[in-house]
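The values are calculated or read from the model by the stated rules, or taken from the named source; none is laboratory data. What you are looking at is a predicted structure, and each value in this text was computed from that prediction instead of being measured. Cβ: placed from backbone, ideal geometry, glycine included. Neighbour counts: every protein chain shown.
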Amino acid sequence: MNDSIVLCYHALSPTWEADLSTTPERFERQLELLVSRGYRGVTFTEAVESPARGRVLAVTFDDAYRSVLELGLPILNRLGLVATVFAPTDHIGSERPMQWPGIHPWLGGPHERELMPMSWAELRALAEAGWEIGSHTGSHPHLTQIDDDALLLDELARSKAACEDHLDGPCASLAYPYGDFNARVVTATATAGYRAAATLPSRQHARDALEWPRVGIYHRDDDKRFALKVSPRIARLRRSAMWGALDGLRRRARL
Ligand SMILES: [Zn+2]
């Protein structure tokens, strides 16, 4: 039985109340819970490609926020875990707050510095510590909204090449920005040469190397919600058809 968990985090901050930010204290407690249950840390590509023997945990971070290095690395080191960072490569090295729909509201405010990306040197230091650095495309677009095939492939290939040039190693994996993908995007991802790609679904769909579902962890996930999200029983339920029906009802209720 495949007993792996792939978690998706974004930023860590003691004070930033954004949906995509988790406090370091909560982050540490969440991972401590899994380590205490016998989970062992692997990179995202290892979780996808190596059949799980026992419980494995892949911690992933989208967007390459600097807080991952400053606040996440010490916690992961203490727990003996590695992680995977998915970097939107056009932004790496800019030393400017990242910008795209969804994080725009934080620009110009007191939390603007939370939007700073890591540098290539910082990503390299993580890679040397055993972390995986994957791609999060070049500019962080909605890939399904790029109608031109050449532009779609360029977002995927340009980012892979940038990671490989700067980090002197293969870039095997991708996280679709916003978890947004379809069959055409998956085909382009394969063409660009990726071996593994991460989604971020509300329903835990079937696993395929280029459509690998992750469990998104957000600001609102207190200890109780987190424990439910990583419960093996709930994970099996989330993959079931019944969950899909419930999820559809929930989404319609929110409209
Ligand atoms: Zn992202």
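Those residues that are touching a Gly at 6+ places or on another chain (Cβ under 8 Å) and within 17 Å of residue 215 (Cα to Cα), I need them from the range 21-34; list them, please.
27
Picking from residues in the range 44-77 that are charged (D, E, K, R) and in a loop (DSSP other than H, G, I, E, B), the one that is modelled with the highest pLDDT is 63. Being among the aliphatic types (A, V, I, L, M), away from the ligand (no atom under 16 Å from the Cβ) and in contact with a Phe, Trp or Tyr (Cβ under 7 Å, 6 or more places away or on another chain) is a description that applies to residue 56. The set of residues from the range 104-137 being under 20 Å from residue 168 (Cα atoms), part of a helix (DSSP H, G or I) and out of contact with any helix residue (DSSP H, G or I) (no Cβ under 8 Å at 6 or more places or on another chain) comprises 121, 128. Are any residues in the range 3-43 among the hydrophobic types (A, V, I, L, M, F, W, C), surrounded by fewer than 20 Cβ atoms within 10 Å (Cβ to Cβ) and part of a loop (DSSP other than H, G, I, E, B), and if so, which ones? The answer is 18, and nothing else. Inside the range 157-205, can you point out the residues that are crowded, with 21+ Cβ neighbours inside 10 Å, of a type outside the set (Ser, Thr, Tyr) and closer than 14 Å to residue 138 by Cα? 160, 163, 171, 174, 175, 177, 192 - these are the residues of the range 157-205 that are crowded, with 21+ Cβ neighbours inside 10 Å, of a type outside the set (Ser, Thr, Tyr) and closer than 14 Å to residue 138 by Cα.
Yes or no: the range 195-215 includes at least one residue that is of a type in the set (Lys, Arg) and either farther than 30 Å from residue 236 by Cβ or within 16 Å of the ligand (Cβ to nearest atom) (or both). Yes - at least one qualifying residue is present in the range 195-215.
Take residue 123 and tell me if it is under 22 Å from residue 15 (Cα atoms) and in contact with a Leu (Cβ under 9 Å, 6 or more places away or on another chain). Considered against the rule, which asks whether it is under 22 Å from residue 15 (Cα atoms) and in contact with a Leu (Cβ under 9 Å, 6 or more places away or on another chain), residue 123 comes out as no. Could we say that residue 84 is part of a loop (DSSP other than H, G, I, E, B), in contact (Cβ under 8 Å) with a residue 12 or more places away in the chain, buried (at least 17 other Cβ atoms within 10 Å of the Cβ) and β-branched (Val, Ile, Thr) here? Against the criterion (part of a loop (DSSP other than H, G, I, E, B), in contact (Cβ under 8 Å) with a residue 12 or more places away in the chain, buried (at least 17 other Cβ atoms within 10 Å of the Cβ) and β-branched (Val, Ile, Thr)), residue 84 does not qualify.
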